[in-house]
Amino acid sequence: MSSKSINLTLKVWRQQGPKAPGRLETYKAENISTDASFLEMLDIVNERLTLEGKEPIAFDHDCREGICGMCGSVVNGRPHGPQKETTLCQLHMRHFQDGDTVYIEPFRARALPVVKDLVVDRSALDQIIAAGGFISVNTGQAPEANSLPVPKDKADLAMDAAACIGCGACIAACPNAAAMLFTSAKISQLALLPHGRPEAAKRALAMLAQMDAAGFGNCTNHKECEMECPKGISISNIARLNREFLKAALASAEEIPAATKKE
Amino acid sequence: MTWVLRTLSTSIGKKQLMAVTGLLFLLFLATHLLGNMSIYGGGPAFVAYAEHLHALGKLLVAAEVLMALALIIHVLTAVVLFFENRAARPVKYAVDKSGGGRTFSSQTMPYTGLLVLGFICVHLATFSHHIVDQTTRNIFQIAVAVFSQPVYLVIYLVSMIILGFHVRHGLWSAFQTVGANHPKYMPFIEKLSIVFAVIVAIGFGSLPLIILAMR
């Protein structure tokens, strides 16, 4: 397969800092190989901007192999671009046509404020995990592996939920900027396994309280999150979160804790 | 009891209020439609149904109070959710495309809801035995009088289509919210959502036409 080159017009969100006003700026991305990834295309544009003495476009990235959850922008109205179950770093320029105009915007949510240009602060997601997205295990000798039997179907569902890389595309895609798919995946991966059950009630209440306090919207079942999730996380996890929360709030003795305020 | 309020004021708590009251309305729609189907037995059957209903006395009052409470909760919670959800994304996208999840119904829920609320006001004002005197005229005669006015006829027909769209997202959404997403049942519930929406729109929408045809 021979590679070819395409020319694009980019409309990129530029914003100096969290408080600064932002706007869409137009750039030419010329002679871009269709073998380049979307982030490599931005690298090329940035090199040219740097040589011209202009400020390069700030964007998040780390592993560039679709597993770290760092990259992500809204490309032509779609988080991580138009390709299904693909992170932005794994999106390649062969999916674009010569002459296309490409809008690149940051994930937009009050709870994920813009740091600069396309970089957003996702610490609200870390705080949801810190509120209860773990199991408490004593250090010391590892227990016998077969003392807690795990059915294969449950292990599979837990693995599906654990595929969440915490990129925030679900929030970016949600018309209400809700973080339910993320939170539900982080609760489900533990709630489905016997190791997660002892703290299940406490976890569900604490993580939901933290999610609410961060200023995300409310889920109204649009299903956009599932459609845009680069890991294909299902909204059946959200139904599980609803069940887990109701069980914890109505049937357990646990109280909903106060959320920690964001710094 | 503070834990109850605290639970209901969380994002999932508010959704439960919407879902449970919504499911009540769906049950109401089903019984209301079934009852009104008596019109297909002719004018006298329809009048007899209304009289049997009113003969329920205190039971009917209890049902009315329950529906009124559910309506207040459903509408007030919807208003809170609407403004919270708008505030959750202060800067809008320049380009906003669907990934294939949202539907016309899901996107218009606040607006179809508002229109249905308006319809309920019109409906009560034109039919309710609390507002319209039913001693001199029976319910069939009242219905004929209302639907003979083109304005009301159009309001009723259009409202039933709007209600259909509200139900189409509301039904499956309520099941998802109460946590009833099951690999065996959810595909059926999603289809039921569409089928019930069509039944509601056509079922209720046919009533004014059949009443006019029978006058």
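For region B:115-136, which positions are over 23 Å from residue B:157 (Cβ atoms) and surrounded by 13 or more Cβ atoms within 10 Å (Cβ to Cβ)? Scanning region B:115-136 gives B:129, B:134. Here residue B:159 fulfils each of the conditions (1) touching a Phe, Trp or Tyr at 6+ places or on another chain (Cβ under 6 Å); (2) modelled with pLDDT under 95 apart from (2). Would you confirm whether any residue within region B:166-173 is of a type in the set (Lys, Arg) and within 14 Å of another protein chain (Cβ to nearest Cβ)? Looking for residues that are of a type in the set (Lys, Arg) and within 14 Å of another protein chain (Cβ to nearest Cβ), one finds at least one in region B:166-173, hence yes. Residue A:153 meets the conditions (1) surrounded by 11 or more Cβ atoms within 10 Å (Cβ to Cβ); (2) assigned to a helix (DSSP H, G or I) in every case but one. The failed one is (1).
Conditions tested, residue by residue: (1) at pLDDT 95 or above; (2) of a type in the set (Lys, Arg); (3) surrounded by 24 or more Cβ atoms within 10 Å (Cβ to Cβ); (4) outside any helix (DSSP H, G or I).
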residue: A:171; (1), (2), (3), (4): yes, no, yes, no
residue: A:175; (1), (2), (3), (4): yes, no, no, yes
residue: A:202; (1), (2), (3), (4): yes, yes, no, no
residue: A:212; (1), (2), (3), (4): yes, no, no, no
residue: A:219; (1), (2), (3), (4): yes, no, yes, yes
residue: A:226; (1), (2), (3), (4): yes, no, no, no
residue: A:232; (1), (2), (3), (4): yes, no, no, yes
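Within the group A:135, A:129, A:165, which residue is away from every other protein chain (no Cβ under 13 Å), surrounded by fewer than 23 Cβ atoms within 10 Å (Cβ to Cβ) and closer than 23 Å to residue B:13 by Cα? That would be A:129, the only listed residue that is away from every other protein chain (no Cβ under 13 Å), surrounded by fewer than 23 Cβ atoms within 10 Å (Cβ to Cβ) and closer than 23 Å to residue B:13 by Cα.
Checking each residue in region B:76-109 for being more than 24 Å from residue A:215 (Cβ to Cβ) and either more than 11 Å from chain A (Cβ to nearest Cβ) or touching a residue at least 24 places away in the same chain (Cβ under 8 Å) (or both) picks out B:103, B:104, B:105, B:108.
Only residues that are more than 7 Å from chain B (Cβ to nearest Cβ) and among the β-branched types (Val, Ile, Thr) were counted across region A:196-234, and they come to 1. The residues on offer are B:193, B:159, and the sole one that is in a helix (DSSP H, G or I), of a type in the set (S, T, N, Q), away from chain A (no Cβ under 14 Å) and under 20 Å from residue B:25 (Cα atoms) is B:159.
Conditions (1) of a type outside the set (Val, Ile, Thr); (2) assigned to a helix (DSSP H, G or I), marked per residue:
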site	(1), (2)
B:145	yes, yes
B:151	no, yes
B:168	yes, yes
B:176	yes, yes
B:181	yes, no
B:187	yes, yes
B:198	no, yes
B:210	no, yes
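Could you list all residues from region A:1-42 that are away from chain B (no Cβ under 14 Å) and within 23 Å of residue A:66 (Cα to Cα)? Those that are away from chain B (no Cβ under 14 Å) and within 23 Å of residue A:66 (Cα to Cα): A:3, A:32, A:33, A:34, A:35, A:36, A:37, A:38, A:39, A:40, A:41, A:42.
Just to be sure, is residue A:160 more than 7 Å from chain B (Cβ to nearest Cβ) and either farther than 19 Å from residue A:130 by Cα or in contact with a helix residue (DSSP H, G or I) (Cβ under 8 Å, 6 or more places away or on another chain) (or both)? I'd like the intermediate steps shown before the answer.
On the way: more than 7 Å from chain B (Cβ to nearest Cβ): yes; either farther than 19 Å from residue A:130 by Cα or in contact with a helix residue (DSSP H, G or I) (Cβ under 8 Å, 6 or more places away or on another chain) (or both): yes.
In short, yes.
Close contacts from region B:129-141, counting a first residue that is without any contact (Cβ under 8 Å) to a residue 60 or more places away in the chain and a second that is surrounded by 14 or more Cβ atoms within 10 Å (Cβ to Cβ) and part of a loop (DSSP other than H, G, I, E, B), with Cβ to Cβ under 8 Å and a gap of 6+ residues or different chains, come to none at all. Residue A:164 meets each of the listed conditions (1) in a loop (DSSP other than H, G, I, E, B); (2) modelled with pLDDT under 95 apart from (2). Identification of helices (runs of 4 or more DSSP H) wholly contained in region B:12-122 with 3 or more residues that are under 30 Å from residue A:229 (Cα atoms) and in contact with a Lys or Arg (Cβ under 9 Å, 6 or more places away or on another chain) yields B:58-87, B:104-107.
The values are calculated or read from the model by the stated rules, or taken from the named source; none is laboratory data. Please read all numbers here as calculations on a predicted model, not as lab measurements. Reconstructed Cβ throughout: ideal geometry from the backbone, glycine too, with neighbour counts over all protein chains shown.
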